[in-house]
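Report on the following structure.
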Amino acid sequence: MKQTWRWFGPHDTITTADMRQCGVEGVVSALHHLPPGTVWPVADIKARQAAIAQFPDGSPSGLAWDVVESLPVSEVIKTKGPDYAAHIAAYQDSLRNLAACGLSVVCYNFMPILDWTRTNLRLPMDHGGTAMAFDLCDFAAFDLYILQRQGAAEDYSPAFAAKAKTRFDAMSADAVRALQNNIVAGLPGANDNWTLQDVKSHLNAYADIGQDRLYQNLVDFLSEVIPVATELGIRMCCHPDDPPFSLLGLPRIMSRQADYARLMADLDVSANGITFCTGSLGVDPDFDPVAFITTLGSRIHFIHLRNTLRTLPDDGTRSSFHEAAHLEGDTNMVKTVRALLSEERVRRQGGRADHSIPMRPDHGQDIIDDLSKDSMPGYPLAGRMRGLAELRGIMAAMADT
Ligand code: DNO
């Protein structure tokens, strides 16, 4: 696997020199300053490539931009709203421009309104560091008593709603504000930064969109985009829902292996591929990483190695969780890496040019210097470096056996 690192661009507090010192071999980035639905101009893409290719002092970094994460799919496309055709055309043009600059792996997701969702960005861990967490009771408190979403009561049992009310009543005004911001304001890499009001009005657009319709919208989007990607030699890869269950009454369609199996079969070409994120998929107790890789591995174009630990409370279908250290959560990372290396071996034997799959150590706990650096939620230097080092150790040991 090619060991990559997510970099948010020149404003990221982590530098290309830091990345090299962590042993990073390639970079994952996106043009976050361009709103979803607009074309990514060649000049902006080249500027990002140039920034990646140099150290802060201007000397060559030896790094290149390997993976686009993400080329965002606008809400207009997800809901088939007005301007749909213009947004599709912009997406296709962005792909053309990316290909013209030599980029060939493009990640995206099809999560309605909210990208990845956490309720606490700094949950204390017993080692003294912190981790991001999703607490279902806090989320219910937000949904029922802060957002006051219409129909929210149907989403929770009366007993769970009562527990959420007690939780909400005990929150200070600061705690309410923090919870609201964590959920709606957008975590690093999310497409959009919403206000509470924005979320409310966007929810209306989904009033008639259930699971089937959202899936059809995804297929329609890909029917426009995958032929262009195929022609350009671009491998698209869909990121799973994070967390892998419905929130705010919204449909979720890419949460488990069966969802990917269906999508891969419905558009059975290699440009229609997978971002294999063990952190997102791993919140589902039925997730079996080895079965996933054995079945669908040939379509995995990008890998996020990350671990989560399911915690309480849960409501029978949805659980709380926090980000665990990379080798310590519910997903067996040794078995996962072994299966991925075996997929790579099959590709090498079959002469596939894409036999080295880009992976990144996704998220990290805040540890050591991260704690005093106010680092970006989920994307600290030391926590991710620890994760990469541990994963690299597994890869090195297995490559030798
Ligand atoms: C969170 C990330 C997400 C991801 C997008 C992919 O850390 O995994 O922001 O980049 O959902 O499109």
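The values are calculated or read from the model by the stated rules, or taken from the named source; none is laboratory data. Keep in mind that what you see is a predicted model, and the values were worked out from it rather than measured. For the accessible areas, the whole protein counts, side chains as well, though only heavy atoms, and no ligand, DNA or RNA atoms are used. Shrake-Rupley method; radii C 1.70, N 1.55, O 1.52, S 1.80 Å.
Assorted remarks:
- Note on HIS363: accessible area is roughly 10 Å² with a 1.4 Å probe, heavy atoms of protein only.
- By the rule of a C-alpha distance below 30 Å, with chain neighbours fewer than 8 residues away ignored, the lysines paired with LYS163 are LYS200.
- Sequence of ILE274, ILE368, ILE146 from largest to smallest accessible area, 1.4 Å probe: ILE368, ILE146, ILE274
- Accessible area of MET1 in the full protein assembly, 1.4 Å probe (Å², nearest 10): 30
- Bridge type composition, the chain - antiparallel percent by DSSP, nearest 5: 35
- For the chain, hydrophobic long helices are taken as DSSP H runs at least 20 Å long by C-alpha position along their axis with mean Kyte-Doolittle hydropathy of 0.0 or more; these are 84-100, 211-232, 381-399.
- Helical contribution to [θ] at 222 nm, DSSP H n ≥ 4, -39,500 (n - 2.57), averaged over the chain, rounded to 500: -12500 deg cm²/dmol
- Here is the P(r) of segment 2-397: all C-alpha pair distances, binned every 20 Å from 0, give 28, 62, 11, 0 in whole percents.
- Among ARG338, ARG177, ARG20: highest mean-square fluctuation, GNM of the chain, C-alpha pairs under 10 Å: ARG177
- Exposure of LYS335 as accessible area (Å², to 10), given a probe of 1.4 Å and all protein chains: 110
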